Each structure stands twice: as C-alpha cells, then as structure tokens.
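Peer 1: So that we are looking at the same thing, I have put the structure below in structure tokens.
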Amino acid sequence: VMYKRILQQAGFIQFAQLQFLEAKELFRSGQLDVRELISLYPFLLPTSSSFIRSHPPLHEYADLNQLTQGDQEKMTKCKRFLMSYLNEVRSTEVANGYKEDIDTALLKLYAEANHESLLDLLVSENFCLLTDSAAWLEKHKKYFALGLLYHYNGQDAAALQLWVKIVDGDIQDSTRSDLYEYIVDFLTFCSDQDLVWKYSEWILQKNEEIGVQIFTKRPLEEQEKNNINPDDIITCLNKYPKARVKYLEHLVLERKIQKEKYHTHLAVLYLEAILQLKSVTTDNCKETTELLLKLRSLLQKSDLYRIRFILDKIQGTDLHMESAILYGKLEEHEKALHILVHELKDFHAAEEYCVWNSENRDVQYRRRLFHMLLSVYLTPGASDCALVVAAVDLLNNHAAEFDAGLVLQVVPDSWSVQLLSPFLAGAVRQSIHTKRMTQVALGLAQAENLIYKHEKVKQKGAPILLSDKKVCQVCQNPFCEPVFVRYPNGSMAHTHCAANRHLNSNVTHHSPSSSNQT
C-alpha cells in the first residue's frame with residue numbers, strides 16, 4: 001500500500017511538471033483512483049459525487065489554478081492530458097464503480113474544448129449524469145449535443161424541442177448545418193407516434209418533399225403493420241399537395257398496395273396538376289412533361305383505378321394520348337386507334353399501343369389489334385398520303401402480325417406488288433415455315449404412334465401357356481377352364497379371384513406387382 005501511494009505521489013509530481021507520459025505510467029502502476037486527478041479540475045466532478053480526497057493528501061495543490069499559477073497554456077495542456085487519460089481508462093477496470101464520474105467529467109472537458117469527440121461520446125454507450133451534463137452543455141451552448149443526451153436518456157420530446165428551436169433560429173448552435181434533415185431522419189425511425197404527429201406539421205411546412213419522408217421511409221415492418229393508418233396520413237397531407245403526391249406514389253408504386261382509392265387518387269392528382277400547369281402556359285415545360293410521363297405510366301400499368309371516372313375528367317382537354325390509353329383499358333380499341341392516328345397523327349404510338357395492349361395475350365388478340373390499326377389507316381375516304389405510307393410501313397415492318405389472306409382482301413387494288421414486296425416475302429416465308437413446322441410435328445407424332453403400335457404388337461406376340469400344372473396366384477387352385485386373368489408380371493388368376501382381389505388380402509401378399517393392367 002505504501003509503495004502504491006509513493007507511486008501516486010510521484011505521478012502528481014511529474015504531472016505538476018507537465019511530464020504527462022511519466023505521470024500516466026505512475027498513475028497506472030500505483031492504481032490511482034482517477035477521481036483524485038479529476039478533483040484537481042474545478043467543477044468536473046458531478047455535484048452528486050461522494051468522492052473525498054485521500055488523507056493525508058497525495059499532493060499539495062488545491063486545484064489546477066494553483067498548480068498552473070493561472071497560466072492558460074499550461075491549463076490547456078493539463079485538460080488535454082486529462083481528456084486523453086479519461087478516454088483510455090473509461091473502458092477498463094480502473095473505471096469500475098465510478099463510471100458516471102469519469103464520463104460526466106469527460107463530457108464537460110469535450111464541451112468546454114469544443115472537441116469533436118463530444119458527439120461520439122453521446123451516441124455511444126455512456127454513463128453521463130443527466131442533470132450535471134445538461135447544465136454544462138447548456139452553459140457552453142452545445143444544444144445539439146444536449147438533444148443527444150436527452151435522447152440517450154429516453155427523453156425524445158425534450159431533444160426534439162431543442163433541435164426545432166435551433167432550426168427556427170430561437171437558439172444558436174452551428175454543430176450541424178443539416179439539422180432539419182437530421183430531425184426528419186430521427187422522426188422517421190421514432191417509434192413514438194404522438195411525437196411524429198406533433199412535429200409533422202412543422203416538418204412539412206419547412207419542406208414538403210423532404211418532410212414527407214417521415215411517412216414514406218418508415219421501417220418496412222412498421223409500415224406493413226399499418227401502425228400509422230395511411231388514410232390518416234393522406235388526410236394530414238391534404239394541405240401539402242407535393243407531399244401528398246409523394247406519399248401516394250410511395251403507396252402505389254413502391255409498396256404496390258392494391259387499393260382502388262389510392263390508384264384513382266394518384267391519377268386524379270397527376271391530372272389536376274397537369275391541367276393546372278397547362279392553364280398557365282401553353283408550352284409543355286419540364287415539370288408538365290414529367291407529370292405526363294408519370295400519368296401515362298400509371299394508366300398503362302395499373303388496372304385498379306376507376307377508368308370511366310378518369311375518362312370523364314379528361315374529356316374536353318387536349319390529353320389525347322391519355323384518352324387513347326383509357327379507351328384501350330375499356331377494350332374500345334377502335335376509338336383509341338382513331339385518336340392516335342387521326343388526331344395525334346402519331347403512327348409510332350399507334351403501333352406501340354398494339355404491342356403493349358396485347359402483352360400477355362394470345363396471338364389472335366394481338367393479330368386482331370394490328371388488323372384494326374390497318375383498317376384505321378385504310379378508312380374509306382381518307383386519301384392522306386401519310387396514312388398510305390403508314391399502312392405500307394406497318395405491313396412491311398410487322399408482317400408476322402398479320403393474316404396475309406385477310407390483308408390482300410382489304411388493301412387497294414391500285415397497290416403494286418413491289419410496294420408490298422417485304423410484307424409478301426415475309427408472309428410467304430412465315431407460311432412456308434408454318435407448313436414445315438407442322439410437317440415436322442406430324443412426322444414426330446407418326447413416329448411416336450409407330451412406337452406405341454410396336455409395343456402393342458410385342459405385348460400381344462408372346463404366347464401364354466396354360467396347363468393343369470398352373471395354379472391361380474390368388475387361391476392357389478388349378479384352372480378348370482381356359483378362362484383366366486394375366487398380370488403384367490406373368491402371373492395368372494381365376495377371373496372371379498381377380499374380381500375379388502381388393503377384398504382378398506392374399507392378393508397383395510401373393511402378387512405385389514399386380515395392377516389394373518391385365
């Protein structure tokens with residue numbers, strides 16, 4: 001004990017001479033109660049600490065001010081040493097029994113020195129005493145760090161209240177320039193729904209598109225349980241149109257919730273936004289173009305929205321492409337194709353319409369759509385050269401989609417063979433291919449049939465000998481007449497024994513491989 005005490009005293013002598021490495025080794029060897037060192041620094045020990053200095057004392061100094069004689073540079077070096085020493089010992093056996101004193105002192109040092117490790121201390125496991133630490137952080141205007149301290153101690157409401165004041169400018173703390181985004185992220189993973197609702201209005205007023213993430217990026221398992229009802233969220237977002245659209249996109253496109261009201265609502269919001277923009281300017285700006293693409297994609301891919309309802313809203317507008325998509329959903333393809341060809345004059349879109357409307361449908365359905373498009377191009381009385389060119393291109397580029405016989409009946413007699421040569425060549429090639437494939441299938445079927453016939457002949461060809469020495473495999477009695485049943489394994493039985501084989505347990509025992517084949 002005396003030896004350890006001498007080492008501790010030597011450590012303080014070295015410490016007073018600012019020989020910190022030597023002092024640290026002596027403190028460790030002498031197993032110094034680290035609070036002896038902390039007590040030299042004014043106000044670092046918590047007010048609740050019961051520590052009393054060793055008696056007789058290990059050194060002659062009342063505090064750091066006396067030791068450094070007021071020299072600020074020396075004082076700074078001493079504080080830097082204590083930071084390093086406490087950080088080293090806080091996770092060792094030296095800290096056992098008074099971790100609160102060590103962590104609270106370390107927090108105070110970090111806060112006073114504006115040290116970057118302050119936040120690391122607060123977001124990891126620590127034993128900082130709330131009352132002392134909070135007062136010290138407030139004194140040094142470390143409000144963000146104070147919020148982290150409250151959060152670590154389960155006081156999320158107090159933490160949020162502080163952070164909101166920082167963002168609003170009521171109190172000053174420049175620790176994080178992205179504090180608003182940090183609060184959004186904090187609320188996103190906050191399990192206290194009351195807090196989420198309490199600050200949702202403030203969050204959305206600041207920035208709708210970022211703020212809505214408190215609802216769209218919540219943990220998946222929480223969303224699947226519908227802990228927060230989506231209908232309540234939509235009601236809350238009615239005052240924030242951009243956020244409402246973002247949230248409905250999240251429900252429909254990301255979570256893929258199959259509810260008509262969400263799909264219809266999203267389509268209506270897209271439509272209203274487009275019409276609003278078009279009323280301001282006649283040219284399609286970037287925002288209008290993006291919305292149009294989103295609306296078309298939704299109308300094409302979803303089957304849940306109220307088609308007639310949306311169609312009624314589009315009537316009387318210049319949204320012809322969207323009208324065509326909706327008519328397609330109603331299976332009114334002629335109307336849709338008429339819009340694309342005669343009103344929009346977008347022949348490529350008309351061909352694409354036939355392609356996407358026939359996805360996951362049979363060949364006949366697809367063929368019917370292409371024939372419809374051809375009929376629209378060749379409408380009697382339409383002498384537009386562009387339509388003729390479009391009809392020829394359609395036939396030549398999609399020869400496989402047409403019935404050549406029907407096409408030849410509807411094309412004008414004035415068209416030359418040369419004009420349709422790619423179509424005719426493709427049609428003939430397809431016809432020959434179909435014929436040859438059919439011949440191959442027929443040949444394979446005939447070969448398979450021949451194999452079965454051969455098997456049948458083999459089965460019939462082997463002679464069956466019946467003599468008075470043969471016995472029935474069921475009853476073990478000889479045959480009295482030339483009438484019997486033969487099993488595939490070659491065994492024979494009386495007809496009446498075979499008929500009763502399901503009732504006779506000996507059948508299974510004597511002829512395990514018997515079956516219905518005879």
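The values are calculated or read from the model by the stated rules, or taken from the named source; none is laboratory data. Nothing here was measured: the structure is a model prediction, and the numbers come from that model. Neighbour counts are summed over all protein chains in view; Cβ atoms, including those assigned to glycine, are modelled from backbone coordinates with ideal geometry. Remember, those area values only see protein heavy atoms, side chains included, never the ligands or the DNA or RNA. Shrake-Rupley method; radii C 1.70, N 1.55, O 1.52, S 1.80 Å.
Peer 1: Would you pick out the residues in the stretch 72-110 that are free of Cβ contacts under 8 Å to residues at least 60 places away in the same chain and of a type in the set (A, V, I, L, M)?
Peer 2: Listed by number, the residues that qualify are 75, 82, 83, 86, 89, 106, 107.
Peer 1: Return the pairs, sorted by first residue and then second, in which the second residue is open to solvent by 60 Å² or more (accessible area, probe 1.4 Å) and among the charged types (D, E, K, R), the first residue lies in the stretch 466-478 and is under 11 Å from residue 492 (Cα atoms) and assigned by the TED database to the domain that holds residue 489, the beta carbons are less than 9 Å apart, and the residues are 6+ apart or on different chains.
Peer 2: As it stands, the answer is 478/468; 478/469; 478/470, since those pairs meet every condition given.
Peer 1: Hey, among the residues in the stretch 286-300 that are open to solvent by 50 Å² or more (accessible area, probe 1.4 Å) and touching a helix residue (DSSP H, G or I) at 6+ places or on another chain (Cβ under 9 Å), which one's farthest from residue 254 (Cα to Cα)?
Peer 2: That would be 287.
Peer 1: Looking at 450, 465 in this structure, which one is farther than 28 Å from residue 398 by Cα, open to solvent by 70 Å² or more (accessible area, probe 1.4 Å) and part of a helix (DSSP H, G or I)?
Peer 2: 450
Peer 1: When you look at residue 84, is it part of a loop (DSSP other than H, G, I, E, B) and closer than 24 Å to residue 118 by Cβ, yes or no?
Peer 2: no
Peer 1: Would you please list the contacts, defined by Cβ atoms under 8 Å and residues six or more apart or on different chains, that run from a residue in the stretch 158-175 that is in contact (Cβ under 8 Å) with a residue 40 or more places away in the chain to a residue that is open to solvent by 40 Å² or more (accessible area, probe 1.4 Å)?
Peer 2: Pairs found: 175/119.
Peer 1: Suppose the filter is without any contact (Cβ under 8 Å) to a residue 40 or more places away in the chain, more than 30 Å from residue 276 (Cα to Cα) and aromatic (Phe, Trp, Tyr); does residue 327 pass it?
Peer 2: Judged against the criteria, residue 327 is not a match.
Peer 1: Answer with yes or no whether residue 277 is open to solvent by 20 Å² or more (accessible area, probe 1.4 Å) and part of a helix (DSSP H, G or I).
Peer 2: Taking the combined requirement at face value, the residue satisfies it.
Peer 1: Between residues in the stretch 111-131 that are in the same structural domain as residue 82 (by the TED database) and residues that are of a type in the set (S, T, N, Q) and at pLDDT 95 or above, which pairs lie under 7 Å by C-beta distance while being six or more apart or on different chains?
Peer 2: Short answer, once both residue conditions are applied: 128/104; 129/104; 130/153.
Peer 1: Within the stretch 14-24, does at least one residue satisfy the condition of being of a type outside the set (S, T, N, Q) and farther than 13 Å from residue 81 by Cβ?
Peer 2: Filtering the stretch 14-24 for residues of a type outside the set (S, T, N, Q) gives 15-16, 18, 20-24.
Among the residues that remain, those that are also farther than 13 Å from residue 81 by Cβ are: none.
Within the stretch 14-24 (the criterion being of a type outside the set (S, T, N, Q) and farther than 13 Å from residue 81 by Cβ), the answer is no, since none of the residues qualifies.
Peer 1: Which residue, of 210, 228, 171, is among the aliphatic types (A, V, I, L, M) and not in a loop (DSSP other than H, G, I, E, B)?
Peer 2: When all the criteria are applied, what remains is 210.
Peer 1: What pairs come out if I take residues in the stretch 422-446 that are touching a residue at least 12 places away in the same chain (Cβ under 8 Å) and pair them with residues that are open to solvent by 60 Å² or more (accessible area, probe 1.4 Å) and outside any helix (DSSP H, G or I) whose C-beta lies under 8 Å away, six or more apart or interchain?
Peer 2: What qualifies is 424/417.
Peer 1: Something else now. In this structure, is residue 480 surrounded by 10 or more Cβ atoms within 10 Å (Cβ to Cβ) and not β-branched (Val, Ile, Thr)?
Peer 2: no
Peer 1: Let me ask something additional. For residue 98, only one of the following conditions fails: (1) under 25 Å from residue 141 (Cβ atoms); (2) surrounded by 13 or more Cβ atoms within 10 Å (Cβ to Cβ). What is its number?
Peer 2: (1)
Peer 1: Which pairs turn up if I take residues in the stretch 223-238 that are under 19 Å from residue 211 (Cβ atoms) and look for partners that are basic (Lys, Arg) with beta carbon separation below 6 Å, at least 6 apart in sequence or on another chain?
Peer 2: 237/244
Peer 1: Same structure again: In the stretch 159-214, which residues are of a type in the set (Lys, Arg) and within 22 Å of residue 243 (Cα to Cα)?
Peer 2: Across the stretch 159-214, the qualifying residues are 198, 206.
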